[in-house]
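What follows is a set of notes on a single structure, which appears directly below.
The numbers here are math on the coordinates, done by the rules we state, and not lab data. Owing to the predicted nature of the structure, the values given are computational and were not obtained by experimental measurement. A quick note on method: Cβ atoms are made from the backbone with ideal geometry, for glycine too, and the neighbour counts reach across all protein chains shown.
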Amino acid sequence: MIRKITVLFLGLMLLIPITGLAAENTKVSLDLNNIVVSPLEDGSTNISNMANYTNTSSSVYKGDGKSEGIIKVTLPDDATNLKLLDNKIAYKKVATGFVTTDPIQANQSVGLQYNYQIPKGKDIHIKFDYPVQIMQVLVPEGMGSVEFKGVESTNQGLYNFDNKNYWEYSVEGIKTDQTFTMTYNKDKQPATDGAKSTAAKSDTGKTNSVTQTAPAFHNPGHIRMWEQSALHNFNPHVVLVVLLAIIIAGISYFAYFRKKAQLEEERLGADKEEKAFQLLMAKQKAILDKILELEESFGDGNLSEDDYHAKLEAYKQHLVQVKLNLRQFVE
């Protein structure tokens, strides 16, 4: 289960735009925070977190010198049953949540995975001790929805992982110590149709009709020219209709074949783009599979800790590169 959650969160890295953090006077940034919200049998709410903290300075980070610990994690007041999923992370519980106790090397990141529960009927009051580039909240399809107060959020629609759909919400540019509220309702499902529809409106105003009568006679000069032409034995009105029909048919055929050629060119271009897109998606899946294999090898004792972290970092960098290539298809 832990491995699936890890791969889910790493996969979500591909959906996060690579943008700079808002400038704040801090050596630590929370550049990735993913939350999965789901109901429990007793009516309480389970909150699964994966947060990626980065030491943006060129020296080892040993804390701010003002408070206990290295990384501070503030939990909602009503949070219970805190559990860290990675037993290699040294931490200590404090009144407001918990703190880690291991320093962060220069320009390095630390990932924290932890769970807690919120009692039934309680809103989730969230505050971060560091600036957050983007927070993504996932709710399994059919298990309700979330609403936010105090921040602007976007419903990104459904995200599929391991043949399971999640409603994805995003909040960007959260500032240090900014407090906001997330309300989870397991009985209220998001709207399935987010597309805007427009209805055609008819003109209810009065329309003035104008009747134009034909002249009682043709210009004598035109009649004389027709009588002297090679077509004078034919009805001029019939000839005019035939000529107009030929011109219209010619224009129609030209437009048809031109449009057909354009559609063919677009189809060929779309096929090439589709193949490129599918190749990138295949690379993404292959990388995530490799991460699972790496987790299993490390768990079985076939890899040293240094080799494990080195390879995991290489896979993350590869994921970022795949993400950059995928952006041209989604922007």
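Hydrodynamic radius of the stretch 57-96 by the Kirkwood approach over all distinct alpha-carbon pairs: 12.3 Å.
Highest mean first, the peptides 55-64, 137-146, 87-96 sorted by other C-beta atoms within 10 Å per residue fall in the order 137-146, 55-64, 87-96. What whole number of Å gives the distance from the Cα centroid of the stretch 24-56 to the Cα centroid of the stretch 239-268? Distance between centres, Cα-based: 59 Å. Model label sites at SER59 and LYS285, defined 7 Å from Cα along the beta-carbon direction, differ in position by 4.9 nm.
Here the ratio of the Cα radius of gyration of the stretch 151-193 to 2.2 N^0.38 Å is 1.40.
For GLN178, the residues 5 or more places off, or on other chains, whose built amide H falls under 5 Å of its own are PHE128. With N the number of residues in the stretch 35-132, Rg(Cα) / (2.2 N^0.38 Å) evaluates to 1.14. Average 1/r across all pairs of distinct alpha carbons in the stretch 2-185, invert it, and you get the Kirkwood radius: 16.9 Å. Using the Cβ-Cβ distance between LEU324 and TYR253 with R0 set to 51 Å, the FRET efficiency works out to roughly 0.65.
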